[in-house]
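This report refers to the structure that appears directly beneath it.
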Amino acid sequence: MSQREDQYVRLADHVSLRLLEEPCLYDLKADELYELNEDALAGLRRCWGGLTLAEAELEAEFAQFCLEEGLLELSPAPRPRPLPVCQGPKPSLRYLEVQVTWRCNLACAHCYLGPARQVDLPAADFAALVREFEAMGGLRLLISGGEPLMHPRWEEINAALAALKVRKVLLSNGLLLDAGRLAGLNCHEVQISLDGLRQGHESLRGPGSFERAVTAARRVREAGLALSIATMAHAGNLAEMAGLADLVRELGAQEWGVDAPCLAGRLVQGPDLAVTPQEAAQAMSFAFGGAYHGGSGGMACGLHLCTVAPDGRTAQCGFYFDNPLGLAADGLWTCWSRRRPLALASVPQCARCPAAEDCGGGCRFRAPALDRPDPVMCALHGINT
């Protein structure tokens, strides 16, 4: 027996097992999901820190891969850790957005939520909600608003995140992200909204907001947290996209999401900000990174995503709060069981489209009708509509 085989093996603290449509290993630190066969799952369930590598009986090449990727750890003495593995619902709920408050310190011209309101999700309700999400096999928790840091009991919200074994992402405009707040933040990633260079960003978010957002992005990286950037394509930033791409890379963002606005909320009063599908597609071509909450397996957008509002309404996403699945008080699993995913086969043009599996039919809210494709995604994939 080699010296390594005589050491005790356990899954790293940032790694967990999930029973989704298939058994999976999830690295929440790297946001990587690995599908497992039954033998690999059985072997990894023995990696709880009380057995040696030899006793765990992992296939040698697989064990080597997991050790090299930092998914497994070895130690000379036992280091037990619990390995709860719960069977989640199908389709699996992998991504949960929780809008903890509708308070906001900006009045962005494109905000689909409309005017800010003093509506807050109670901290105790948030804690129960995210624990249930973890137990359902959830992967990625998005804490949003409004501006989530304006929640009057933010410290309790943040404390509820500490022991949660999912990837935690704070969505913020950055204005309240000082170094002290970042130092105590129980999240893996911060997503900053950056909607252009100075002119493009401030045409949406107001004077002075650009420098503060950029400063916040730099602070996120200085704090050792992963940084992602979210940009909304609009008529005022199309000419800035190449320059913004340089800035996003200079800031060290690991992911840049670019999206096109939907005609909702404040944008209804400012339709001049809207862009054509072709313009949106050109802007979206600058995006990079792997986060994707769309469809798969022949099903349309939102297959694995759910959103909870500060008033407890739970919907397939924030655009559908007028047609909720229920209230968070009903239980997340109960609400999710009411979800009826849309098959791409029911969207005739998508059913025969070669890009359908990649785009998932696009945004169902942005599409002109449930049985019509999203023109922005068609333009992005070069499909004539």
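Please treat every number below as a calculation from the coordinates, not as lab data. As the structure is a computational prediction, the values presented were derived from the model and not from experiment. Here the Cβ positions follow ideal geometry from the backbone for every residue, glycine too, while neighbour counts run over all protein chains shown.
Within the chain, DSSP assigns beta bridges of which about 45% are antiparallel (rounded to the nearest 5). Fully extending the segment from ALA242 to ARG153, taken as 0.36 nm per residue of separation minus the present Cα-Cα distance, adds 28.1 nm.
With only the Cα atoms considered, region 8-75 has a convex hull volume of 75 Å³ per residue. Compactness of region 235-336 was expressed as the Cα radius of gyration divided by 2.2 N^0.38 Å, which yields 1.32. Beta bridges from DSSP with both residues in region 68-227: antiparallel share about 5 percent, rounded to the nearest 5. Name the residue from HIS304, GLN199, LEU71 whose Cα lies farthest towards the positive end of the charge dipole of the chain, charges +1 on Cβ of Lys and Arg and -1 on Cβ of Asp and Glu. So the residue furthest toward the plus end is GLN199. Short-range pairs are left out: with C-alpha atoms under 8 Å and at least six residues apart, the relative contact order of region 343-385 is 33 percent.
Taking N as the residue count of region 343-385, its C-alpha radius of gyration divided by 2.2 N^0.38 Å amounts to 0.95. The tail of the calculated P(r) for region 40-151, taken as Cα-Cα distances beyond 19 Å, holds 63 percent of the pairs. In this Cβ point-charge picture (+1 for Lys and Arg, -1 for Asp and Glu), the chain has a dipole of about 1020 debye about its Cα centre.
Normalised by 2.2 N^0.38 Å, where N is the number of residues, the alpha-carbon radius of gyration of the chain equals 1.03. So if we plug the beta-carbon distance of ASP322 and ASP6 into 1/(1 + (r/R0)^6) with R0 = 51 Å, what FRET efficiency do we get, rounded to 0.05? Here the calculated transfer efficiency is 0.25. Once the chain from GLU69 to ARG117 is taken as fully extended at 0.36 nm per residue, the excess over their C-alpha distance is 12.8 nm. The separation of region 308-381 from region 217-283, counted between C-alpha centres, amounts to 22 Å. For the pair GLN254 and GLU22, the difference between a 0.36 nm per residue extended length and the Cα-Cα distance amounts to 80.8 nm.
Once C-alpha pairs closer than 8 Å and six or more residues apart are averaged by separation and normalised to the residue number of region 8-75, the relative contact order reads 41 percent.
Entry note, the chain: relative contact order of 14 percent, from Cα contacts under 8 Å with a spacing of 6+ residues.
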